[in-house]
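The values are calculated or read from the model by the stated rules, or taken from the named source; none is laboratory data. Computed from a predicted model, the values in this text were never measured in an experiment. Here Cβ is always computed from backbone atoms with ideal geometry, including for glycine, and neighbour counts include all displayed protein chains. Keep in mind that these areas ignore ligands, DNA and RNA; they rest on the heavy atoms of the full protein, side chains included. Shrake-Rupley method; radii C 1.70, N 1.55, O 1.52, S 1.80 Å.
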Amino acid sequence: MLIDFTGEVVVVSGGGAGIGRALVERFAAENATVVALDVTFTDPLPDHIVSLTCDVTDPASVHAAIDEVTERFGRIDVLINNAGINVEGAVEDLEPSRWKASFDVNVFGVFLLSQAVIPIMKKARRGRIINAASFAAIIPSVGAAAYGASKAAVVQFTRVLASELGPWGITVNAYAPGMVPTGMNGFAELPQPAQSRLLDTLSLRRWERPEDIADLLCFLASDAAGYITGTLVDVSGGKFATQMPHRAYETSTP
Ligand code: NAI
């Protein structure tokens, strides 16, 4: 089978909580050696997953973490740049420091970690860099200028890096989740009418599960995806598919 991570080292930023936590658990279940990087591990990960404290916005912290991984394991096969923060607010009211924080974590962090693993992957002449973007990179929402612009930057960064690393057989891709209830957004705690309004924007009309993303990322990280690079993969449940997907639910009974 082409999907087998035995002997491979997978590094996941923001692996302590939310989607990242599900990713580290899934890659470990698929036999990879998994390293989770996070600023904090409120809920400790199982012992077979290596947890390293790392702030992706701090070059010294990023280099210390990647050095430790290479010293312990001698390789990095897959980097998943999952760490991210959601900064909301109308442009007129947004604190400049909040705008900066959005770009520090969501863009600068992706740059720093990618830059740190490039020499390791080049030496091996293989590797996968997979970056968390969002549907917000493409679809604008009121109050999401900082977040949306930062995720759009991730998409363009992904394309450029893919072209730079193609000669070494390293692929670089981004993915666009839709709406996964996590600590970042509290979707599942919203009043029911607000939840319905959000779900009405999805062709599949259910909250996304972290496992939906893990399924895609196992594929993108595998040999089966060796000819896919520089792209944004939609894993949003149909957020981009059509303008008013709820009409299908009003007019048909599955
Ligand atoms: P979350 O808030 O549940 O988890 C994010 C993790 O990143 C946390 O463990 C946090 O401690 C860590 N983190 C934050 N700043 C960090 C830093 N400076 N250094 C290291 N780690 C840091 O968020 P969630 O929902 O799991 O999101 C994960 C990624 O998926 C993010 O990039 C987010 O933008 C993206 N995404 C999430 C969606 C959703 O619906 N939850 C939708 C689209 C994209």
| For the Cα atoms of the chain, what angle does the longest principal axis make with the long axis of helix 18-29, in degrees from 0 to 90, nearest 10? | 50 degrees
| Can you pull the percent of the stretch 26-114's accessible area that's carbon plus sulfur, 1.4 Å probe, other chains left in place? | 50 percent
| remark: Between the Cα axis of helix 59-73 and the main Cα principal axis of the chain, the angle (0 to 90°, nearest 10) is 60 degrees
| message | Using a Cα-Cα cut-off of under 28 Å, which lysines could be cross-linked to K100, ignoring same-chain neighbours fewer than 8 residues away? | response | K151, K239
| said: Cross-link candidates for K122: which aspartates and glutamates have Cα within less than 20 Å, leaving aside residues fewer than 8 places away along the same chain? | reply: E8, D67, E68, E71, D77, E164, D223
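Just need the Rg to Rh number for the chain, please, alpha carbons only, Kirkwood Rh. Don't skip to the end; give the middle numbers.
On the way: Rg = 18.1 Å, Rh = 18.7 Å.
Rg/Rh for the chain comes to 0.97.
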| message | So with the 1.4 Å probe, I'd like the accessible area per residue for the stretch 153-197, rounded to whole Å². | response | 46 Å²
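What length, rounded to one decimal in nm, is gained on full extension from V39 through to S203, with 0.36 nm per residue of separation minus their alpha-carbon distance?
Length gained, V39 through S203: 55.5 nm.
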| message | Given the DSSP H assignment, sum -39500 (n - 2.57) over each helix run of at least 4 residues in the chain and divide by its residue total; what's the result at 222 nm in deg cm²/dmol, nearest 500? | response | -12000 deg cm²/dmol
| Highest-fluctuation residue, R126, R206, R75 considered, GNM on the chain with Cα pairs under 10 Å | R206
| request: Round to a whole angstrom and tell me the spacing of the C-alpha centers of the stretch 221-254 and the stretch 76-100. | output: 24 Å
| Whether the stretch 78-163 is rounded, prolate or oblate, judged on the alpha carbon gyration tensor where a/c under 1.5 counts as rounded | prolate
| Hey, rough spin-label estimate for E211 and E92, points 7 angstrom out along Cα→Cβ, what's it come to in nanometres? | 4.6 nm
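Filter the GluC sites (Glu not before Pro) in the stretch 88-184 down to the DSSP loop ones having no more than 12 other Cβ atoms within 10 Å, then list what survives.
Details: sites: E88, E92, E164; in loops: E88, E92.
Passing both the DSSP loop test and the Cβ count: E92.
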| remark: Highest GNM mean-square fluctuation among R128, R205, R159, for the chain with Cα springs under 10 Å, belongs to R205
